[in-house]
1. Please go through (1) small (Gly, Ala, Ser); (2) assigned to a loop (DSSP other than H, G, I, E, B); (3) more than 16 Å from ligand 3 (Cβ to nearest atom) for residue 164 and return the number of the only condition it doesn't satisfy.
2. Working carefully through the options 95, 111, 179, find the one that is over 22 Å from the mean Cα position of the chain (by Cα) and among the aliphatic types (A, V, I, L, M).
3. Would you mind stating whether residue 188 is touching a Gly at 6+ places or on another chain (Cβ under 6 Å) and either within 16 Å of ligand 4 (Cβ to nearest atom) or of a type in the set (Asp, Glu) (or both)?
4. Please go through segment 315-347 and give me each residue that is within 16 Å of ligand 1 (Cβ to nearest atom), of a type in the set (A, V, I, L, M, F, W, C) and buried (at least 21 other Cβ atoms within 10 Å of the Cβ), ordered by number.
5. Pick out the one residue from 200, 219, 174 that is within 16 Å of ligand 2 (Cβ to nearest atom) and touching an Asp or Glu at 6+ places or on another chain (Cβ under 8 Å).
6. How many of the residues making up segment 93-119 are in a loop (DSSP other than H, G, I, E, B) and either within 16 Å of ligand 3 (Cβ to nearest atom) or not aliphatic (A, V, I, L, M) (or both)?
7. With the condition kept exactly as written, say whether any residue in segment 214-230 is buried (at least 20 other Cβ atoms within 10 Å of the Cβ) and among the hydroxyl-bearing types (Ser, Thr, Tyr).
8. When you look at residue 312, is it within 16 Å of ligand 3 (Cβ to nearest atom) and in the same structural domain as residue 235 (by TED's automatic domain parsing), yes or no?
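The values are calculated or read from the model by the stated rules, or taken from the named source; none is laboratory data. As the structure is a computational prediction, the values presented were derived from the model and not from experiment. Please note: Cβ atoms are built from the backbone with ideal geometry, for glycine as well, and neighbour counts cover all protein chains shown.
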Amino acid sequence: MASAVLSRSVSARLSYRAVGVNSPRVSTAAHRKWLVPGSFVNVLVIVFFLVSLVLAMACVVYLYWFRYLSRGGSGFISAFSSTAEDCDVFQGSWVPHDSYPLYNSSVCPFVERGFNCLANGRRDTDYLRWRWRPRLCEVPRFDAREILERLRGRRIVFVGDSMSRTQWESLICLLMTGVEDPQSVYEVNGNNITKTIQFLGVHFRSFNFTVEFFRSVFLVQQGPPPSHGPKRVKMTLKLDKMDTIHQRWVDSDILIFNSGHWWTATKLFDVGCYFQVGGSLKLGMPITSAFRMALETWASWVESMINTNKTHVFFRTFEPSHWSGLAQNACEVTNRPTLEAQGNVRSEFTDIIAEVVGKIAVPVTVLNVTMMGAFRSDAHIGTWSHPSSILDCSHWCLPGVPDAWNELVFASLLRDGWR
Ligand SMILES: *[C@@H]1O[C@H](CO)[C@@H](O)[C@H](O)[C@H]1NC(C)=O
Ligand SMILES: *[C@@H]1O[C@H](CO)[C@@H](O)[C@H](O)[C@H]1NC(C)=O
Ligand SMILES: *[C@@H]1O[C@H](CO)[C@@H](O)[C@H](O)[C@H]1NC(C)=O
Ligand SMILES: *[C@@H]1O[C@H](CO)[C@@H](O)[C@H](O)[C@H]1NC(C)=O
Ligand SMILES: *[C@@H]1O[C@H](CO)[C@@H](O)[C@H](O)[C@H]1NC(C)=O
């Protein structure tokens, strides 16, 4: 019944123009932990202050000149590969690597059937063998044993849509590779993983920690419309109120959010869901403005409810889809990762996330995964979905791209001296 076609255009676009290199980098220092510059101006004697300042400025100019040159393709990259503080790990490319994939989805019971391409008949395996390599530094290999030990007694919480669920599943499978007895890892309520379930929590008994997922596709509250509204308004999204389950996200040790895929006219207006602020309907409000307002609500919530001495907060940016055309009856994919970004990246969403997070008064790390995914049209589920009549050019096969998001989360924590 597959009217859907997976059009595989072997990419002839492997040009060396890495997209993103020339776009402005959002380096709102305090919050983008990756980009906090080292304070090398360590003034010991006050008389030398001015001299040091001049030297420092000269250094900055020098460094930027070098980086500028390296962007132009000159061979200066390696000279800076060790300055890890300065490395934007989200800028890079996918390289083939023998140690991938990091787990076998057939032996991890937490990969839901819809994401288990192998179980759904996918035979090509090349898409499994890619490692994300940042341009200016290395990401340490995911060491399941070490991370299991560090997670003892903790709580990891994912909040968002199905893209958060897939990262949740990926993390459980990555960690299970370090567990001797698979039976000691279980869903706390004995639930199976389903698309609409609101809460799933997997406990690792030997290590006494839980990895939880809360489905909250908008992060803010959905509810009935105010009375006397127009008939087409069946429900509203209250942009100034957090989702009713927000209390359960507090007191976690690692807290990872995403939102974006449900902010479309089809998923909102077409089903009669309109925006509301306070008591009033905002019928004409554009979706991007509403998304920004919801994120601002989320940001105030983080500031007032989260003790960032305990909780490490992350927000993941939009994960690109690779549908071919508007009819959504084919995927536009390649056989291998590309060096040029492709697909629907909805970069205005990523920009809004970066802007809002940039203004938060507490540390929050943006997981800027949009470009990583834009290179990976080869790694989508496509026709290897479940049920197989559904074509899926949005989600990713597991193992796959979401594993790299988790590697970056832990690389980030470890680099920042994770306690
Ligand atoms: C995200 O990363 C890409 C690629 O490195 C970069 O071009 C873009 O500016 C970044 N966006 C933000 C908001 O940091
Ligand atoms: C994954 O596990 C299954 C079941 O144990 C096994 O048949 C298969 O060979 C494994 N695949 C790989 C790539 O190791
Ligand atoms: C398990 O971790 C919790 C904290 O999440 C702690 O209160 C409890 O004492 C731990 N239990 C054991 C047996 O270590
Ligand atoms: C989960 O799925 C299995 C196999 O499909 C089924 O036997 C079991 O009853 C399900 N459990 C729940 C809690 O729905
Ligand atoms: C977090 O740590 C800082 C510095 O150690 C301390 O001043 C602050 O009171 C702590 N905040 C909370 C909420 O515990």
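1. (2)
2. Exactly one residue qualifies, and that residue is 179.
3. Numbers: touching a Gly at 6+ places or on another chain (Cβ under 6 Å): yes; either within 16 Å of ligand 4 (Cβ to nearest atom) or of a type in the set (Asp, Glu) (or both): yes.
For residue 188, the condition - touching a Gly at 6+ places or on another chain (Cβ under 6 Å) and either within 16 Å of ligand 4 (Cβ to nearest atom) or of a type in the set (Asp, Glu) (or both) - is met.
4. We begin by selecting, within segment 315-347, every residue within 16 Å of ligand 1 (Cβ to nearest atom); these are 315-320, 337-347.
Going one step further and asking which of them are of a type in the set (A, V, I, L, M, F, W, C), we end up with 315, 318, 339, 341, 345.
Of everything in segment 315-347, those that are within 16 Å of ligand 1 (Cβ to nearest atom), of a type in the set (A, V, I, L, M, F, W, C) and buried (at least 21 other Cβ atoms within 10 Å of the Cβ) turn out to be 315, 318.
5. Numbers: 200 fails: within 16 Å of ligand 2 (Cβ to nearest atom); 219 fails: within 16 Å of ligand 2 (Cβ to nearest atom).
Sole residue among the options that is within 16 Å of ligand 2 (Cβ to nearest atom) and touching an Asp or Glu at 6+ places or on another chain (Cβ under 8 Å): 174.
6. Here is the first cut: in segment 93-119, the residues in a loop (DSSP other than H, G, I, E, B) are 97-104, 108-112, 116-119.
After this cut, where a residue has to be either within 16 Å of ligand 3 (Cβ to nearest atom) or not aliphatic (A, V, I, L, M) (or both) as well, the list is 97-101, 103-104, 108-110, 112, 116-117.
The total comes to 13.
7. Checking segment 214-230: at least one residue is buried (at least 20 other Cβ atoms within 10 Å of the Cβ) and among the hydroxyl-bearing types (Ser, Thr, Tyr).
8. Working: within 16 Å of ligand 3 (Cβ to nearest atom): yes; in the same structural domain as residue 235 (by TED's automatic domain parsing): yes.
Yes; evaluated as a whole, the condition is true for this residue.
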